[in-house]
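Here you go, one structure.
The values are calculated or read from the model by the stated rules, or taken from the named source; none is laboratory data. Since we're looking at a predicted model, the values are computed, not measured. As a convention, Cβ positions derive from the backbone with ideal geometry for all residues, glycine included, and neighbour counts pool all protein chains shown. SASA here: full protein model, heavy atoms, side chains in, ligands and nucleic acids out. Shrake-Rupley method; radii C 1.70, N 1.55, O 1.52, S 1.80 Å.
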Amino acid sequence: MLGLGNEAISVLALQYFSMVDPTGNTSQNNRNLMAQITNGKIEDEYPPVIPLEGSPFSKINRINQLKEYFIKKYNQEPEYFVRVPGRVNLIGEHVDYCGYSVLPMAIQYDIVMAVKPTNEPKLQLTNMDPEHQDFQCDVNSFSIEVKKGTSPSWHQYFLCGLKGVLETLNKDSVGMLVAASGNIPLSSGLSSSSALVSAAALAATYANKHKMSKLDIASLSATSERYIGTQGGGMDQAIAFLGTKGCAKHIQFNPLRSEDVKLPEGAVFVIAHSLAVLNKAKTSDFNCRVAECRLAAQLMAKKRGLTWEKLRTLAELESALNASLDDMVLLVKEILHQHPYTKEEMCRELEVSEGVLDQLSLSNNTTHIDQFKLHQRALHVYQERIEVTSFREVCESEMAPVDALKKLGELMRQSHQSLQKLYECSHHGLDALVELGEGKALGSRLTGAGWGGCTVALTTKDSLDDYVSTLKEKFYKNNCAARDKNVDTLVFATEPNVGAEVYKESPL
């Protein structure tokens, strides 16, 4: 097990994740906190800056195509490229925004941007995917407005990352010409949107010669994504910047820190797309789960005589009670009834008006919700947190690899059952993929937010081909949603990849 030293020091990162109010208003928080960060109270490495010439990156056909596209579009060459990977979460789903640790790894699929700073204060964006329209605006003056019930445009995710960086600058930003290319499947649970926000933040910091640590940019990107309306917890951005080739990451919050986790010998992970997609910012499903967990923490706090109004997460409740996770599981079963709580009942239990409840506990797109399943959501979070610890302990143990892999597979199966039954964020396509893997993979589970997207399965080199062939034959072959798609991009083996990088076109 290898620690990261300086990456484990950011107390301010804790504040940065926790200071966001339920409505997602982060502007003043960003300015106040980042003023402290940029005064030198936090030190860490900037994402690596690598000469493009002679690097393996320069030999990738997609990168050369992006460069040619940039030149054709802007009639000049880019100065640098930023690359930010997607991720797959091995275990620890829907717990990061509750304050608990997760265990993801960066994958080989990524967002890449070609960038050139300009003196004209204008942002110009273009995307190699013709489905994404070009966009331009004043680089220092723009708004991010997403109509309720609609999917955000790709450029709005870029603006989230840019807006976060602008709030840390003591001057106006330079202009930027940007061309983007991404091969992370959209709305697949592999963090394409967070990678886009993070890539925008990295592109803007480098353009303005504003070097922030990997921790700081990860924290910035996490809070900035909330401008789009998603109340995430920070896992996606953290692994995007802190990923280590060959290792998964145990990422902890409060304060933000990470450690390498070496997986047992012989472990192979396979990602399979359910062919159903969900944009977290389009619906209230994801933010509803955030609200339910917050309400569960607040109600249990009040029942135990604590000051509940400022309590935000289930992890904060555990800490305030000085209890173990097993104790918290028992507390959920003791205090929270299994049938849904109505909004009226929550107001009565917490002794507040509906308006105060909206302000203290809900987000803009969850105030209309009238029923909350607190027992089930809190029970999943505490049990999933226990499984993250168990997963890491197995990886660190001296257990024989074959036994370790079996145990990890069992933990993944248990996680999926909890996400399916207690958190109710699975999908029939995800469940079908998990069922098809029985006897072929050691264990599989949904990964990402759920309601569609992908599963991740643990298998071995010996069983990999049989497992993948089974999914291709029984899930994809006669599935009309897979028609005209390259099946090898829907189900594929992956390995832990490195985090975000900058590639400089001219000599350093």
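Any idea what diffusion coefficient segment 248-309 gets from Stokes-Einstein, in µm²/s, Kirkwood Rh on alpha carbon pairs, 37 °C, 0.692 mPa s?
D, rounded to a whole number, is 204 µm²/s.
Output wanted: per-residue J couplings in Hz (rounded whole) for segment 154-164, from phi through Karplus 6.51 cos²θ - 1.76 cosθ + 1.60, θ = phi - 60°, x for Gly and Pro.
In residue order, the calculated couplings are 4, 5, 5, 5, 4, 4, 4, x, 5, 4, x Hz.
Can you send over the carbon and sulfur percentage of the accessible area for the chain, probe radius 1.4 Å, protein chains only?
The C+S portion of the solvent-accessible surface of the chain is 46 percent.
With a 1.4 Å probe and all protein chains left in place, how much accessible area per residue does segment 139-292 have, in Å²?
Normalised by residue count, the accessible surface of segment 139-292 is 28 Å².
Calculate for the chain the 222 nm mean residue ellipticity that helices alone would give, adding -39,500 (n - 2.57) per DSSP H run of length 4 or more and normalising by residue count, nearest 500 deg cm²/dmol.
-12000 deg cm²/dmol
If you put +1 on each Lys and Arg Cβ and -1 on each Asp and Glu Cβ, how big is the dipole of segment 130-254 around its Cα centre, in Debye rounded to 20?
Magnitude of the dipole: close to 360 debye.
Report the percentage of all Cα-Cα pairs in segment 341-425 whose separation exceeds 14 Å, rounded to a whole percent.
Everything past 14 Å amounts to 71 percent.
When the Kirkwood hydrodynamic radius is evaluated over all pairs of different C-alpha atoms of the chain, what value in angstrom, to one decimal, is obtained?
The Cα-based Kirkwood calculation yields 23.2 Å.
Next up: What is the gain in length, in nm to one decimal, between Lys72 and Ser469 on full extension, counting 0.36 nm per residue of separation less the C-alpha to C-alpha distance?
138.8 nm
Peptides 201-214, 96-109: what's the order by average Cβ count within 10 Å, highest mean first?
So the peptides 201-214, 96-109, ranked by packing, come out 96-109, 201-214.
Next question, about the same structure. Within the P(r) computed for segment 114-232, what percentage of the Cα pairs occupies the region above 26 Å?
The answer is 13 percent, as a whole percent.
Then there is this: HN-Hα J couplings of segment 313-329 from phi, Karplus 6.51/-1.76/1.60, θ = phi - 60°, integer Hz, Gly and Pro as x?
Rounded to whole hertz, the list is 9, 5, 5, 4, 5, 4, 5, 5, 8, 6, 10, 8, 5, 4, 4, 5, 4.
Distance check, please: which entries in Lys303/Lys333; Lys302/Lys421; Lys214/Lys245; Lys407/Lys440; Lys343/Lys421; Lys245/Lys461 exceed 24 angstrom between their Cα atoms?
Checking Cα-Cα distances, Lys302/Lys421 exceed 24 Å.
Amide H of Ser274: which non-local residues (sequence gap of 5 or more, or other chain) have their own amide H closer than 5 Å, using H built in the peptide plane?
Close amide H contacts, sequence-distant or interchain: Gly453, Cys454, Thr455.
Ok, one more. Going by average Cβ neighbours within 10 Å, how do the peptides 79-85, 469-475, 298-304 rank, with the highest at the top?
My ranking of the peptides, most packed first, is 79-85, 298-304, 469-475.
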